[in-house]
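A short write-up of the structure that comes next.
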Amino acid sequence: MSEKKEKRKSVLFVYTSFSSFVNNDYEILSVEYNVVKYRFLPVKGVLRNGWQIIRQFFFLLLFGWKFDLLFCWFADYHSFLPTLFAKIFRKKAMVVIGGYDVCRIRKLNYGAFCSPLRGWFCANSMKMANWILPVSNYVDRKASVIAPHANRRMIYNCVSIKHQSDFQSVKTNTILTVGLINNDRTFYLKGIDTFFATARLLPAFKFQVVGINPSKLAHKLGNLPLNVTLFEKVNQTELTSFYKNAKVYCQLSRSESFGLSILEAMTFGEFPVVTREGGMPEVVGEFGNVVKRDPQAIADLIEYKILKGGVVDEKAIIQHIEKYFTSKKREDSLIQLIREN
């Protein structure tokens with residue numbers, strides 16, 4: 001008689017938006033476990049979020065005991081009850097800490113801790129979880145202050161390496177930046193003002209912004225440099241063509257806990273130029289330049305060192321990503337941690 005097959009563990013996968021990096025973890029967990037998705041729909045206003053919390057409460061009350069692991073992407077309103085119910089039902093809870101959930105930039109009203117109530121939900125989710133999983137060392141340092149006694153395991157966010165072998169033949173002297181830029185706050189957070197100022201100093205080169213909403217930011221675009229082209233949000237296939245074409249990728253953000261777009265650009269051999277904010281210096285390592293927010297210095301770097309200096313080693317940039325930031329790296333670390341606990 002054949003041995004009875006071991007029962008697969010069940011995971012409740014709690015999220016607010018099914019972005020590419022959230023989907024990546026869902027696929028990683030689904031290989032070994034039975035994973036059930038639960039979306040907490042984020043809305044504006046305490047009362048409307050209260051309804052989502054009530055809905056989640058009854059779901060967990062009825063079904064929470066069935067799961068071996070409650071896995072949450074980001075700490076926020078949606079992670080508090082899963083971590084609490086995990087304690088009640090003596091289950092495991094893990095919360096991925098992405099950066100917004102440990103951040104507070106009062107000047108731009110950015111970060112969960114700009115709201116004391118929201119910050120309370122984040123902090124207590126981290127304190128009750130069996131493990132919190134920061135996506136960079138920068139985020140890990142922030143989390144260690146908020147929840148000093150929590151078990152933490154830093155596991156880098158990741159990208160899938162799917163570049164084409166002929167990427168070198170299509171590179172042009174184009175400088176690219178990517179982000180979801182649809183209001184004044186994201187305009188400044190992503191450093192688009194600095195990107196425009198740099199473009200004005202390099203009129204002979206093309207600058208591209210992908211992910212901007214011109215209709216919502218018309219008041220910021222009246223004096224747009226002639227060498228800047230704006231593109232609204234595109235799908236991943238279309239975005240790939242931008243990465244293949246550009247030689248330089250700029251992320252001049254004022255806050256960036258990790259920088260997934262930087263990774264995506266680097267998988268196509270783009271040379272990254274980033275500000276010294278958050279986890280971006282970790283991502284680029286020695287294969288990019290970390291700069292001050294000085295448009296003239298950034299322009300000189302791009303023109304003389306990168307575009308005219310010939311210092312870009314595209315294969316070395318890709319090898320750096322393959323060494324630290326692949327889906328396989330994240331999968332191995334995540335699955336090992338779950339097995340150990």
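The values are calculated or read from the model by the stated rules, or taken from the named source; none is laboratory data. Keep in mind that what you see is a predicted model, and the values were worked out from it rather than measured. No Cβ is skipped: glycine too gets one built from the backbone with ideal geometry, and neighbour counts run over all protein chains shown.
Observations
- Cross-chain or 6+ apart pairs with Cβ under 8 Å, the stretch 162-179 first and surrounded by fewer than 17 Cβ atoms within 10 Å (Cβ to Cβ), then at pLDDT below 90: Gln168/Gly269; Gln168/Glu314; Asn173/Leu307
- Boolean, Tyr156 is touching an Asp or Glu at 6+ places or on another chain (Cβ under 7 Å), closer than 30 Å to Leu70 by Cβ and buried (at least 19 other Cβ atoms within 10 Å of the Cβ): no
- Within the stretch 276-305, the set of residues being touching a residue at least 40 places away in the same chain (Cβ under 8 Å) and within 26 Å of the chain's Cα centre (by Cα) comprises Gly278, Gly279, Glu282, Val283, Arg293, Pro295, Ile298, Ile302.
- Arg293 vs. criteria surrounded by 14 or more Cβ atoms within 10 Å (Cβ to Cβ), touching a Leu at 6+ places or on another chain (Cβ under 8 Å) and basic (Lys, Arg): yes
- Conditions (1) part of a loop (DSSP other than H, G, I, E, B); (2) under 25 Å from Gly285 (Cα atoms); (3) at pLDDT below 90: number failed by Tyr156: (3)
- Applying the set (1) under 17 Å from the mean Cα position of the chain (by Cα); (2) among the β-branched types (Val, Ile, Thr); (3) crowded, with 21+ Cβ neighbours inside 10 Å to Thr198 leaves exactly one unmet item: (1).
- A count restricted to the stretch 62-84 and to residues that are out of contact with any His (no Cβ under 9 Å at 6 or more places or on another chain), of a type outside the set (Ser, Thr, Tyr) and under 24 Å from Arg8 (Cβ atoms) stands at 12.
- If you filter the stretch 219-266 down to residues that are more than 23 Å from Thr172 (Cβ to Cβ) and without any contact (Cβ under 8 Å) to a residue 12 or more places away in the chain, you find that the one that is surrounded by the most Cβ atoms within 10 Å (Cβ to Cβ) is Leu221.
- Checklist (1) surrounded by 14 or more Cβ atoms within 10 Å (Cβ to Cβ); (2) touching a residue at least 40 places away in the same chain (Cβ under 8 Å); (3) out of contact with any Cys (no Cβ under 9 Å at 6 or more places or on another chain) applied to Tyr110, failing item: (3)
- Only one entry of Arg141, Arg118 meets the criterion of being outside any strand (DSSP E or B) and modelled with pLDDT under 95, and that entry is Arg118.
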